[in-house]
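Heads up, the thing below is written out as structure tokens.
The values are calculated or read from the model by the stated rules, or taken from the named source; none is laboratory data. These figures come from a predicted structure and were not determined experimentally. Cβ placement follows ideal geometry from the backbone for every residue including glycine, while neighbour counts extend to all protein chains displayed.
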Amino acid sequence: MKKILLLIMLSIMVSASVAAKENIDAEIGLKLREGITTEDEVVAMLGEPYAKTLDFDGNVIAVYNQEYVEKRVKDAVLPVAARGIWGTETRKQRLAITYGASGRVKEYEFLAK
């Protein structure tokens, strides 16, 4: 019983840490303005990044990742055993933001699969 509760708590913590305050989507470019948007503004929009690192020039790179699992087929169409294989689709999105020395967005890259 303790193991089950631990697994449930871990899954809640992991899902909460991955979810951003706002969905990362292709329109993120309308919200992020190079040279204008600050790191604090991005954190207010998206929450804390998944990871942070430095590039060779000393710029901070913040990475946001999101995964979505969507149903593709109605449950009634597939038998129970096949739903997990063919009944869902996983979409992955990644946003990497580089901040310059001023703490403002220098550039960003959005990838979606």
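Some values worked out for this structure:
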{"read-out": "Meets criteria (in a helix (DSSP H, G or I) and modelled with pLDDT of 75 or more) for VAL14", "value": "no"}
{"read-out": "When residues of the stretch 53-91 are limited to those that are in contact with a Phe, Trp or Tyr (Cβ under 8 Å, 6 or more places away or on another chain), in a strand (DSSP E or B) and surrounded by 11 or more Cβ atoms within 10 Å (Cβ to Cβ), the one modelled with the lowest pLDDT", "value": "ARG91"}
{"read-out": "Extreme residue, modelled with the highest pLDDT, among residues of the stretch 17-35 that are more than 18 Å from VAL69 (Cα to Cα) and touching a helix residue (DSSP H, G or I) at 6+ places or on another chain (Cβ under 9 Å)", "value": "LEU32"}
